[in-house]
Structure formats: C-alpha cells, structure tokens
1. Pick from THR270, THR230, THR44: which residue has the top mean-square fluctuation in a GNM of the chain where Cα pairs under 10 Å get a spring?
2. If I take every Cα pair under 8 Å that is 6 or more residues apart in the chain, average their sequence separation and divide by the length, what percent do I get for the relative contact order?
3. Once Lys and Arg get +1 and Asp and Glu get -1 on their Cβ, which of GLY59, PRO231, PHE174 lies farthest toward the positive end of the dipole of the chain?
4. Rounded, prolate or oblate: pick one for the range 174-312, where a ≥ b ≥ c are the square roots of the eigenvalues of its C-alpha gyration tensor, a/c under 1.5 means rounded, and failing that, prolate if a/b is larger than b/c, else oblate.
5. What's the center-to-center distance, using Cα atoms, between the range 175-238 and the range 13-90 in Å?
6. Which of these, GLN134, GLN94, GLN116, has the largest mean-square fluctuation under a Gaussian network model of the chain (Cα springs below 10 Å)?
7. Hey, got the dipole for the range 124-213? About the Cα centre, +1 on K and R Cβ, -1 on D and E Cβ, debye to the nearest 20?
8. Non-local amide H neighbours of TYR147 (under 5 Å, H modeled in plane, Pro and chain starts lacking H): which ones?
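The values are calculated or read from the model by the stated rules, or taken from the named source; none is laboratory data. Since the structure is predicted, the reported quantities are computational estimates derived from the model, not experimental observations. In this analysis, Cβ positions are derived from the backbone assuming ideal geometry, glycine residues included, and neighbour counts consider all displayed protein chains. Ligands, DNA and RNA are stripped out before the accessible areas are found, and what is left, the full protein with its side chains, is counted by its heavy atoms. Shrake-Rupley method; radii C 1.70, N 1.55, O 1.52, S 1.80 Å.
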Amino acid sequence: MEQNIEWNGKKYYNLNSFLREKFGQKVFKISLDGGFSCPNRDGTISSLGCIFCSERGSGDFSGNRKDSITKQFTDMKKMMNKKWKDGKYIAYFQAYTNTYGKIKTLKALYDEALMQDDVVALAIATRPDCLSDQVLDLLEEYNKKTYLWVELGLQTINDNTAEIINRGYKLKVFEDSLDKLRSRGIDVVVHTIFGLPGESKEDMLNTIDYVAHKDIKGIKIHLLHLLKNTPLVSLHEKGELTFLGQQEYTDIICEAITRLPPEIVIHRLTGDAPSELLIEPKWSLKKWEVLNEIDYKLSKNNLYQGLYFHTN
Ligand code: SF4
C-alpha cells in the first residue's frame with residue numbers, strides 16, 4: 001500500500017483531518033471542569049502534584065468549575081457559535097483527573113455532558129492509576145453509546161524524569177492501563193512533554209519511539225511551560241531549569257513526527273498557556289509562528305509523518 005505523505009495539505013495527520021474524516025464536518029472541543037481533584041494533589045499520592053501542573057489542574061482554558069456542566073457547555077458553545085455556526089462538539093473533561101470520583105458522580109457528569117445539543121463525542125483526561133475495573137466498566141458503556149477517547153498523561157517514559165516531575169506512577173502502570181483500555185476497545189490519546197528537567201533530545205525521542213509502537217489512537221506533544229504558582233518555579237529559582245529554544249524545539253518536533261506511524265493522530269505539537277501565567281519560554285506564546293515553522297521545516301526537508309517509523 002502506498003504511504004500517505006500528506007493530510008489536507010499537512011505533512012502530518014492532525015486532529016482536524018481526523019475529525020473531518022470521522023464526522024464529515026467541523027467539530028470543536030469544549031473543555032469542561034467537572035470539579036474533580038487529583039490523587040497527586042490531594043495527599044493520596046502526594047500533595048505537590050506534577051511539578052508543572054497549574055493551579056487549575058492543567059485545565060486553564062476549561063469552563064468555571066463552580067458552574068454546572070450544562071452552563072459551562074452553553075457558555076463556551078455561545079462563544080464558538082460567533083465564529084462558526086452549525087459545528088458539532090466534543091465534550092472534553094480536561095481539568096484535573098476526570099475519573100477520580102465515585103462511579104455515581106462520574107456517570108452524572110458524563111451523562112450531563114452527553115445530553116448537550118450537538119455533542120458527538122466524549123474525551124476524558126485522566127491518570128493511568130485512576131482506572132479501576134469499575135471505572136473501566138463505566139467507560140466501556142460510554143464507548144458503546146458514543147465516540148469516546150481517554151487521554152493518559154504519560155509525559156515521559158523515563159522513570160528518573162518521572163520522579164523529578166513527581167508524576168507519581170511508574171511506566172508499568174501506564175502500560176497496564178493502556179492494555180486494559182484497548183482490550184475494551186477504547187481509543188487512547190497519550191500526552192507527552194518535551195523539555196522536561198534533565199531530558200536530552202534522545203530522551204524525548206525515546207518517548208516518541210515508545211508510544212509510536214503502542215496501540216494508541218493519538219498523541220499530544222506539549223512543550224514544558226513554566227507557569228506561575230507551580231512547584232517548577234522553585235527549580236527555576238535555583239537555576240536548575242533550562243528551556244528549549246524555538247528552533248531547537250521545532251527541530252525535535254519535526255524528527256518526532258517522522259518517527260510516528262501515519263495512523264496516529266497528532267492532537268498537539270505545542271502547548272497553550274495563559275499569557276498571564278507563563279514565565280518561560282515566552283516564544284511559545286506565538287503558537288501560530290511555531291506551527292508555521294514546523295510546517296515550513298517539514299516541507300523544506302521533505303519530511304512527513306511515518307517517514308522513519310519502523311515496525312521492527
Ligand atoms: S496528574 Fe494531572 S491534575 Fe494531577 S498533578 Fe499531574 S498534571 Fe496535575
């Protein structure tokens with residue numbers, strides 16, 4: 001079979017291309033805050049949290065957690081309708097750990113999200129150590145009712161880095177949860193971060209090679225952001241942090257894209273951070289410039305997703 005080297009004019013298979021293929025129209029994500037906590041913040045595993053995690057549990061663009069899911073959804077949809085009429089929506093539980101709660105609570109929140117007009121899919125971000133058999137049973141039910149994907153925060157496969165960032169679980173936990181989700185037919189999207197403390201380019205690409213050979217549907221690659229009021233600030237103050245430059249980052253991203261198989265959907269190639277919270281790297285605020293630079297480098301060097309992906 002001939003290898004795909006372009007997706008709607010892009011050199012990689014991005015989320016828009018996937019959603020258009022799957023739903024035949026424009027589909028938007030609406031980020032919701034279900035009022036959850038996280039075992040890595042509430043003292044169950046740790047009270048520090050992952051050292052990069054913002055005060056809003058990495059859900060800085062989600063709705064207001066004091067509002068109901070219906071209100072959050074309606075408010076966001078109204079805003080989006082100004083730009084784009086007749087879109088469909090993915091209800092995205094983004095902030096904190098969205099399977100960390102009683103089954104009854106989870107069910108009520110997911111049901112409320114699915115009841116909203118024009119919702120065609122459910123996306124649930126969580127930790128791999130928050131997927132008990134009961135939670136998996138519940139997710140399996142939703143997977144039969146709607147299109148569902150579960151997002152797992154992995155960030156790196158390096159267990160030493162995982163200690164430094166206080167992730168709170170080992171790689172084996174991720175592997176087991178991924179297998180359990182896949183055995184129930186649930187699609188999985190994995191979060192990774194480039195630029196974590198102490199990580200070399202080789203470490204970052206090792207993580208990419210690892211996920212490239214796993215049964216995952218999608219990947220998000222974030223750039224490490226130093227945000228105000230996060231534990232990472234103290235490392236920065238001690239002079240223990242270095243940040244990737246824009247050129248360096250886009251070079252590594254291009255290499256990562258070539259190593260991913262063509263069927264993995266790339267949801268993200270950089271992070272979004274609220275400008276009022278971002279301390280470093282400031283260049284990342286120009287998100288479109290970064291994405292354009294990636295496109296330019298891929299085209300100029302005849303690179304595309306899957307080019308250096310090897311099945312052996
Ligand atoms: S698991 Fe998610 S919510 Fe919990 S501390 Fe880490 S990044 Fe934050």
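1. In the Gaussian network model the winner is THR44.
2. RCO, the chain: 19 percent.
3. GLY59
4. Numbers: a/c = 1.92, a/b = 1.33, b/c = 1.45.
In terms of gyration-tensor shape, oblate.
5. Cα centres, the range 175-238 to the range 13-90: 18 Å.
6. Looking only at GLN134, GLN94, GLN116, the biggest GNM fluctuation is shown by GLN134.
7. Computed charge dipole of the range 124-213: roughly 200 debye.
8. Placed amide hydrogens put LEU122 under 5 Å from TYR147.
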